[in-house]
Structures are given as structure tokens and as C-alpha cells.
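Here is the structure we will look at, set down as C-alpha cells.
The values are calculated or read from the model by the stated rules, or taken from the named source; none is laboratory data. Because the structure is a prediction, the values reported are computed rather than measured. In this analysis, Cβ positions are derived from the backbone assuming ideal geometry, glycine residues included, and neighbour counts consider all displayed protein chains. Each accessible area value is taken on the protein alone, full model and side chains, heavy atoms only, with ligands, DNA and RNA left out. Shrake-Rupley method; radii C 1.70, N 1.55, O 1.52, S 1.80 Å.
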Amino acid sequence: MKSIADYVALEPEYYQNILNNHQTLFGNTIDLSKVKQLNAIVIFATGSSANAAYGARPLMSKLLKVPVYIEDPSMAANYLHYGDLNTLYLAISQGGESYSTIHLVEQFVHNNQTIYTLTSNSQSPLYQVSNHVLSMGMPVEEMPYVSAGYSVTILDLILITLTIGQKIGEINQEQFELYFNQIQKITQSLPQIIKQSQDWVNQNQDLFYHSKRVILIGYGATYGVAREGETKFTETVRNTAFGKELEEYMHGPYLGLHTDDCIIFIEPHGRLAQRAESLKEFLKQYVPNISTIYANTTSCFNARDLCLNIKCDELLTSLFMTIPIHLLSYQVSQLKGHNLEKSTYPEFDQITKSKIKRIIK
């Protein structure tokens, strides 16, 4: 079975294949002919799929000029109502086995409502119950703790947005090409980003091996990166981790600060960069272990920081800034001796039915 690191190494290939085939994947698969005016987008997802949606959300909202909501499928299916014909509904599950997402999509289909599902598994229960399927454009990820699938989901959502934007007249050809070319340059830079990230992990793995708690802080597109850091570090290292939005962390959670916390800022060089620097100045008084992963370069560099040297729109940084986080989580998990191919609690799915392998009709 391929490891997390193996799948990270495959991201340049997956990205390029999707860029080469974006028109086939998304060009004619979303029908907006019945939508008089797009009012909003609602994305239903859990875990890494939800984290990826948060990474794509700011750019989606900016380009389409509509609010983008990310909802928990279980909450939505059991307690909430969705019936706006001018809202685009998307459900995401890479493996297509999430019980709550399958249940939600079944409800939409039963009510004759349109919902698009994004998955990589054409043999999955989600694919089986869906009436509008969008392919992620990559193979099913064997590793249960996804990495490439998370990143590809962000790319897919951005390309879906660019496609929709052209259809409804919010994006012209020049704007499409501007973003597409930036994504192409990021894709071409991924091998170097992976190398830089691996070097940073090698230098800092001992610190995180001994850490009791990791806190990741992001904003804008990198809020999704911080959330994914919480998910992946918890899943693989099996240690306490929190992924917080910058202002969210500043309004309460900072009061639970411990001097032995390891804090990672995910800095996209965006609108809230100065706010992040102010928080860092405060934290330095109490916490010695603070690292920053910068999308581009900085004059405030220290030994624990990583500069990825990519100049791009801040809302595209989620396409590559999780790479060091995925590699860090994986490498520390291996130092701790965790076998990621074997479930820590094999009875969990048996009891909870959190994952559905097949649907019998």
C-alpha cells in the first residue's frame, strides 16, 4: 500500500492530469439551465473533504460573488431544510463510503432535488445512490488517511468554480486564463515544494515527536490547511492537535495556552498578515516553539520557519501549503511506530457503521 508520502509525491501528476482534462471532467457536467440566478453554494462534507472545502471556499465566493456554506451532512440530513432552486448543492466524499453523506444524498434524490456528488470511487455506495456525479479525476486513494485526495478536492472545487463562473457570466476568458495559469505554475512548482517541505520536516521532526499538543493557525484559504493539520496530526500521530482560524483563536482559545505547545502559523501573505504577526508577538512571550510556513518569502524568517517561495494569489495557497503538514504528520507517526495501514480501533466501523462499503438493493 502506498504511504501518505507516496501520495504527496503523486500530487504533481494528479494536478497536471486534472488540468489537462478539466473540460471533460467539469465542462459539461453541471447543468445550470434551470437556475435563474445563482444565490449560494452549499457543500456537504466531513473530515478532510470538509477541510478541503474550507481551503477552496474564499476563492469560490470571491469569483462567483455568492456565499459558500460548508455543512455537516448529518446535521443537514437530520435537522436542516434545503429547498432553494437557485442554490447549487455539492456533496463530497473521496472514497464514497461516508454514511452521513450517503444518507444526505439519498434524501435529496428522494425529494427530486438536484445535488452533485464529487468522488473518486465509481464503485462506491455514494456513486450508486447519486443522480449527478462529478469525478475527482484521480484514482481511489488506498491509504485510509488521505493526502493527495484532500489536495485534489481543492483543485477540483476551484476548477468547478471557474467553469461555473464562465457559464453564469461572472468570469470572462481573460480572468479564467489568469487563474488557470497561476494554478499551472503552482503545479510545476510542486516537486520543489515537496523537496523543501521534506527538508523542513527532517529538521523539525524531533520537536513535534516530543510535543504534547500542536496548534495550527491559518486564515482565509489557509484556514482549511490548519483544519487539515488538526485532522491529519490527530489521525496519524494520535496526539492532541487543534486547527484554528486566526481570529477564532484570538477570541478565547489562546487562554488555554501552554508553554510547551508547538504552534504553526500557515501564512498566505494575505489580508490578515499583520494580525497574525501581532498574535505571534504575543505568543512569543509565553511559547518558545513557534513555526511559520510562508507561501512566499519573508524578512522575519527564523530557524523553525519554512518559506515555499511561491508568489500567487493568497486564495490559491491552499493548493500547496498542506504539503509540509501532511509530510510532518506522516514522518512523526512513523517515528512513533504507528502502522497507518492497520486500524487503531478495528471495531469502530463495525459498531458505528461510519463507513458503508456497499448498498444492497
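Observations on the structure shown:
- Which listed residue, of T317, T344, is touching a helix residue (DSSP H, G or I) at 6+ places or on another chain (Cβ under 7 Å), within 28 Å of G149 (Cα to Cα) and of a type outside the set (A, V, I, L, M): T317
- Residue among Y82, Y69 that alone is among the aromatic types (F, W, Y), without any contact (Cβ under 8 Å) to a residue 60 or more places away in the chain and out of contact with any Phe, Trp or Tyr (no Cβ under 9 Å at 6 or more places or on another chain): Y69
- 1 or more residues closer than 21 Å to F320 by Cα and open to solvent by less than 10 Å² (accessible area, probe 1.4 Å): qualifying strands (runs of 3 or more DSSP E) within segment 77-151: 87-92, 116-119
Each row is one residue, and each column tells you yes or no for (1) in contact with a helix residue (DSSP H, G or I) (Cβ under 8 Å, 6 or more places away or on another chain); (2) among the acidic types (D, E); (3) free of Cβ contacts under 8 Å to residues at least 12 places away in the same chain.
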site	(1), (2), (3)
G96	yes, no, no
H110	no, no, yes
T117	yes, no, no
Q128	no, no, no
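- The listed residue being outside any helix (DSSP H, G or I) and more than 13 Å from L308 (Cβ to Cβ), out of I171, I164, I183, I160: I171
- Some residue of segment 50-70 being open to solvent by 20 Å² or more (accessible area, probe 1.4 Å), in a strand (DSSP E or B) and of a type in the set (D, E, K, R): no
- Among the residues of segment 104-159, those identified as closer than 22 Å to G27 by Cβ and of a type in the set (A, V, I, L, M, F, W, C) are I115, L118, V133, L134, M136, M138, V152, I154, L155, L157, I158, L159.
- Some residue of segment 336-347 being in contact (Cβ under 8 Å) with a residue 40 or more places away in the chain, over 26 Å from L155 (Cβ atoms) and of a type in the set (S, T, Y): yes
- Filter pass, I217 being touching a Lys or Arg at 6+ places or on another chain (Cβ under 6 Å) and under 17 Å from A295 (Cβ atoms): yes
- All positions within segment 320-350 that are open to solvent by less than 10 Å² (accessible area, probe 1.4 Å) and out of contact with any Ser or Thr (no Cβ under 7 Å at 6 or more places or on another chain): F320, I325, L328, V332
- Beta carbons closer than 9 Å, at least 6 apart along the sequence or on distinct chains, pair a first residue in segment 199-214 that is among the acidic types (D, E) and open to solvent by 10 Å² or more (accessible area, probe 1.4 Å) with a second that is at pLDDT 95 or above and not in a helix (DSSP H, G or I) for D199/L306.
- Filter pass, S189 being out of contact with any strand residue (DSSP E or B) (no Cβ under 7 Å at 6 or more places or on another chain) and closer than 22 Å to I158 by Cβ: yes
- Just one of the numbered conditions (1) of a type in the set (A, V, I, L, M, F, W, C); (2) over 14 Å from L118 (Cβ atoms); (3) over 18 Å from the mean Cα position of the chain (by Cα) is not true of I30: (2).
- Taking segment 26-49 as the range and being within 17 Å of I171 (Cα to Cα) and assigned to a helix (DSSP H, G or I) as the test, the residues that pass are F26, G27.
- Contact annotation: residue pairs with Cβ atoms under 9 Å, 6 or more positions apart or on different chains, pairing a residue in segment 231-246 that is at positive phi with a partner that is of a type outside the set (D, E) and at pLDDT 95 or above, are R238/S333; R238/K336.
- Strands (runs of 3 or more DSSP E) fully within segment 221-334 that include at least 2 residues being closer than 23 Å to Q196 by Cα and either aromatic (F, W, Y) or within 22 Å of the chain's Cα centre (by Cα) (or both): 262-267, 289-294.
- Matching option when the condition is in contact with a His (Cβ under 6 Å, 6 or more places away or on another chain), surrounded by fewer than 21 Cβ atoms within 10 Å (Cβ to Cβ) and modelled with pLDDT of 95 or more, among N309, N296, N289: N296
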